[in-house]
Structure formats: structure tokens, C-alpha cells
């Protein structure tokens, strides 16, 4: 069984500023999102947080980023 990186890829793109509602995303933003996720994962692993809890936290970060993006896009409509 391989490791699935779908959640990490989506989280990096959303944290980097790509909208799930369509539009333009930038590679630099996605790279910044990936670095942020890597730092978070390294920090949690260093302090001994279980991998399941790390996935839950990543999911919460995605939900927060999507909520911020929706609020930002609502003002444009």
C-alpha cells in the first residue's frame, strides 16, 4: 500500500491561494503552501502527534482556507 498524497496536494494548493471555485492559481503560492504544510507536519512529528490527528488538522486547515476563499469571493460577486 502506497502513501496517498492527494490531501497534501489539495491542502498545499488551497493554502497557497488557489480557489476551489475556479480561477487562477500560482505555482509560487502552491510552493509556499507546501512549505507551510511541511513545517507543520515536521513540527507535529517532532512533538509526537499521531498521524491520524495530523490528517484531521490538515482537514481543518483546508476547511478554514476554503471558508476564507468563499468569503473573499463573495465580496467580488
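The table for this structure:
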read-out: Residues located in the stretch 5-40, provided they are within 17 Å of residue 70 (Cβ to Cβ) and assigned to a loop (DSSP other than H, G, I, E, B); value: 16, 17, 18, 19, 20, 21, 22, 23, 24, 25
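Residues checked against (1) more than 19 Å from residue 6 (Cβ to Cβ); (2) in contact (Cβ under 8 Å) with a residue 60 or more places away in the chain; (3) more than 14 Å from the chain's Cα centre (by Cα):
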| position | (1), (2), (3) |
| --- | --- |
| 25 | no, no, no |
| 30 | no, no, no |
| 36 | no, no, no |
| 48 | yes, no, yes |
| 51 | no, no, yes |
| 55 | no, no, no |
| 61 | no, no, no |
| 64 | no, no, no |
| 67 | yes, no, no |
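A short reminder: the numbers here are calculations on the coordinates, not readings from a lab. As the structure is a computational prediction, the values presented were derived from the model and not from experiment. Heads up, the Cβs are rebuilt from the backbone with ideal geometry, glycines too, and the neighbour counts pull from every protein chain shown.
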